[in-house]
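K.L.:
Structure provided below as structure tokens; questions to follow.
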Amino acid sequence: MDKKTVKVNFTDTEKGYFNNNDNLFLDVLKKHYNVEISDKPDFLFFSCFGDNRKKYSNCVKIFFTNENVVPDFNEADYGLGFHNLQFEDRYLRFPEYFYKMPATVQDRSNLSDDLANRKFCNFIYSNSKNGKGAQLRIDFCKKLQEYKHVDCPGKVLHNADIEIAPRKGNWVNSKIELLHNYKFTIAFENSFTNGYTTEKLYQPLIANSIPIYMGNSDVTKDFNPKAFINCNDYKNFDEVIEVVKELDNNNEKYMQMLREPAMQPNYDFDWNRKLEEFLIHIIEKGNTPYVRQRNGFVRFIEKNFMPIKTKGMHKVLHICGLRIKVG
């Protein structure tokens, strides 16, 4: 049976992460459809780096992001993101670690005891101003340095000339390889939002370096709290540093934490299935975007919707993107 042809395009994406030839959405869609990249797409995937999406009309718009940005359902028909949202069939929680975290992080029981004898800690950041976490991690690093030297090969607090591949090159693998040389990694998010956890946490776990994490207060819904130091659990940085010291000076306790599975026992690594079900559902509904009007979205069902009659009242209520007529 011939596959159905689906016309798609991508715009407003972060350069180097998504393109029209190689990305996870195309990989999923090509399993089920003949995918055509078109200037007049039926389905437009867009992110938060620009506003070129406004040039496209008469298509279903699907928002996705690796940033701390909530989908705007007054603009997008569907959305994928970090946040713990529920909105009919229009949203899929799909944080970056869903497709970046390998299942191998669950069995770390055979890690060598030699890992307790590595360099102490690293701090790798280029951003010193953007977000609450940017200043807090600097403060924490300086306080931790009062106990023991922390290698800072990035632009912020730079004190170690250790080469890492450029971001547009092999940066991820190069960084993970570097993290593997350290017992601990300072892993503070730029911004703190429930549901928002990035490479700051999962890359050290992949590299078998214990993260000292601050950020998402719901992080343990997916991540095993026994596998990292969660600053959210302590009153202040002094308490956190006492925990770091204890682990640093007790190889048995350190290796016990390092050998913990990175994710919760019920964590589902089958991200491909979740994404596949979400995208196929959208595609099979066809090119049927939500009708956009000046006051927001109107569901197609509205044309058969009988308004509620009230005495002297004429209102339009907008609840979660649905337009409900009164009067």
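The values are calculated or read from the model by the stated rules, or taken from the named source; none is laboratory data. No experiment lies behind these values; they were computed from the predicted model shown. As a convention, Cβ positions derive from the backbone with ideal geometry for all residues, glycine included, and neighbour counts pool all protein chains shown. The area values use the complete protein model at the heavy-atom level, side chains included, leaving out ligands, DNA and RNA. Shrake-Rupley method; radii C 1.70, N 1.55, O 1.52, S 1.80 Å.
K.L.:
What number comes out for the charge environment of Asn272, summing +1 per Lys or Arg and -1 per Asp or Glu over other residues with Cβ under 12 Å away?
P.N.:
It works out to a net charge of -2.
K.L.:
Right, here's the next one. Taking Cα pairs under 8 Å and at least six residues apart, what relative contact order does the chain come out at, in percent?
P.N.:
With pairs under 8 Å counted, the relative contact order is 15 percent.
K.L.:
Moving to a separate point now. Here are a few candidate values for Kirkwood radius over Cα pairs in Å: (1) 24.6; (2) 22.3; (3) 19.8. Which one was actually calculated from the structure I just gave you?
P.N.:
Computed from the coordinates, Kirkwood radius over Cα pairs in Å corresponds to (2).
K.L.:
I've got another one for you. Antiparallel versus total DSSP beta bridges in the range 178-295: what percent is that, nearest 5?
P.N.:
The answer is about 10 percent antiparallel.
K.L.:
State whether the range 194-269 is rounded, prolate or oblate according to the following rule on the C-alpha gyration tensor (a ≥ b ≥ c being the square roots of its eigenvalues): a/c under 1.5 gives rounded; otherwise a/b larger than b/c gives prolate, and the remaining case gives oblate.
P.N.:
Since a/c reaches 1.5 but b/c is at least a/b, the shape of the range 194-269 is classed as oblate.
K.L.:
Which of the trypsin sites (Lys or Arg not before Pro) found in the range 119-220 are loop residues per DSSP with 16 or fewer other Cβ atoms within 10 Å of their Cβ?
P.N.:
Lys129, Lys148, Lys155, Arg167, Lys168
K.L.:
Rounded, prolate or oblate: which one fits the range 102-210, using the alpha carbon gyration tensor with axes a ≥ b ≥ c (rounded when a/c is under 1.5, else prolate when a/b beats b/c, else oblate)?
P.N.:
Judged from the Cα gyration tensor, the range 102-210 comes out rounded (a/c under 1.5).
K.L.:
So for the pair Asn266, Asp233, with labels modelled 7 Å out along Cα→Cβ, what separation do we get in nm?
P.N.:
Label-label distance for Asn266 and Asp233, simple model: 2.0 nm.
K.L.:
Looking at the square roots a ≥ b ≥ c of the eigenvalues of the Cα gyration tensor of the range 141-279, which shape do they give, rounded for a/c under 1.5, prolate if a/b is larger than b/c, or oblate?
P.N.:
It comes out oblate by the Cα gyration axes.
K.L.:
Placing +1 at every Lys and Arg Cβ and -1 at every Asp and Glu Cβ, with all other atoms neutral, what dipole size does the range 97-200 have around its Cα centre, in debye to the nearest 20?
P.N.:
Using Cβ point charges on Lys, Arg, Asp and Glu, the range 97-200 gives about 380 debye.
K.L.:
By DSSP, what percent of the beta bridges with both residues in the chain are antiparallel, rounded to the nearest 5?
P.N.:
25 percent
K.L.:
Just from its helices, what would the mean residue ellipticity at 222 nm be for the chain, if runs of 4 or more DSSP H residues each count -39500 (n - 2.57) and the sum is divided by every residue, rounded to the nearest 500 deg cm²/dmol?
P.N.:
The helix-only estimate for the chain comes to -6500 deg cm²/dmol at 222 nm.
K.L.:
I'd like the accessible area for Thr5, computed on protein heavy atoms only with a 1.4 Å probe and all protein chains in place. Round to 10 Å², please.
P.N.:
The accessible area of Thr5 comes to roughly 80 Å².
K.L.:
Could you pull out every residue, at least 5 positions away or on a different chain, whose amide H is within less than 5 Å of the one on Val291? Hs are placed 1.01 Å off N in the peptide plane, and Pro or chain starts have none.
P.N.:
Those lying under 5 Å, H to H, from Val291 are Val298, Phe300.
K.L.:
Evaluate E = 1/(1 + (r/R0)^6) for Glu252 and Asn173, where r is the Cβ-Cβ distance and R0 equals 25 Å; express this FRET efficiency to the nearest 0.05.
P.N.:
0.20
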